[in-house]
Amino acid sequence: MATTVGTEDTIQDLVKNLILLERDAIAAYETTIEKLSDTTIASQIENFRQDHLRHLEVLNEMAAETGAEAPLEGDMKQMLTTGKVTLAGLMGDGAILKAMKTNEDDTVTAYDRAAAHRDAIPKSRSFFEKALADERRHREWMERTAEAL
């Protein structure tokens, strides 16, 4: 399911939707860690989850600075992001990572758009670009690791 995050008209709506996206991603990472059988892979996934927690922290600060709503939990999309990981768990670690790679596709798209948002100031643009680099790194690792399994 393709994301629309990053197409918002205002920075406040963008920040709110990025917070939701990060909360959904964190839930998906937690489900992934529970489902993985390989503890080495689970450890790397935990490192990526920590990146998402840091992104959420910065986004919450941005929400306070811009007056954006800062949701305290994910939205309905969380059921999709965690559900596909749960289903993939029936087919093994490689399938789980492939499911997570599709979740990362959405976060890459969202941060790519956010970095180009017309209301992004240099400070927020810099954060969006850093988060985008993190998401690309996560996606590439998941794709490469899934193929190797």
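Of the residues that make up the range 129-137, is at least one at positive phi and either in a loop (DSSP other than H, G, I, E, B) or modelled with pLDDT of 95 or more (or both)? Working first, answer last.
Step one: filter the range 129-137 for residues at positive phi, giving none.
So far as the range 129-137 goes, no, none of its residues is at positive phi and either in a loop (DSSP other than H, G, I, E, B) or modelled with pLDDT of 95 or more (or both).
Mind counting the residues in the range 81-120 that are modelled with pLDDT of 95 or more, open to solvent by 30 Å² or more (accessible area, probe 1.4 Å) and among the aliphatic types (A, V, I, L, M)?
Result for the range 81-120: 1.
Show the residue pairs that are 6+ apart or on different chains and have beta-carbon atoms under 6 Å apart, the first residue being within the range 109-123 and part of a helix (DSSP H, G or I), the second being among the acidic types (Asp, Glu).
From residues that are part of a helix (DSSP H, G or I), the pairs are 111/135; 115/129.
Rundown of residues vs (1) in a helix (DSSP H, G or I); (2) over 22 Å from residue 68 (Cα atoms); (3) basic (Lys, Arg); (4) open to solvent by 10 Å² or more (accessible area, probe 1.4 Å), yes/no style:
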{"position": "5", "(1), (2), (3), (4)": "no, no, no, yes"}
{"position": "15", "(1), (2), (3), (4)": "yes, no, no, no"}
{"position": "24", "(1), (2), (3), (4)": "yes, no, no, no"}
{"position": "47", "(1), (2), (3), (4)": "yes, yes, no, yes"}
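Determine whether residue 37 is part of a loop (DSSP other than H, G, I, E, B) and modelled with pLDDT of 95 or more.
Working: part of a loop (DSSP other than H, G, I, E, B): yes; modelled with pLDDT of 95 or more: yes.
Yes, satisfied.
Considering only the range 121-141, how many residues are open to solvent by less than 80 Å² (accessible area, probe 1.4 Å) and either touching a helix residue (DSSP H, G or I) at 6+ places or on another chain (Cβ under 8 Å) or more than 24 Å from residue 41 (Cβ to Cβ) (or both)?
Filtering the range 121-141 down to residues open to solvent by less than 80 Å² (accessible area, probe 1.4 Å) leaves 124-128, 131-135, 138-139, 141.
Right, trim to either touching a helix residue (DSSP H, G or I) at 6+ places or on another chain (Cβ under 8 Å) or more than 24 Å from residue 41 (Cβ to Cβ) (or both) and you get 124-128, 131-132, 134-135, 138-139, 141.
So the answer is 12.
The values are calculated or read from the model by the stated rules, or taken from the named source; none is laboratory data. Worth saying up front: this structure is predicted, and the values here are computed from it rather than measured. Please note: Cβ atoms are built from the backbone with ideal geometry, for glycine as well, and neighbour counts cover all protein chains shown. Each accessible area value is taken on the protein alone, full model and side chains, heavy atoms only, with ligands, DNA and RNA left out. Shrake-Rupley method; radii C 1.70, N 1.55, O 1.52, S 1.80 Å.
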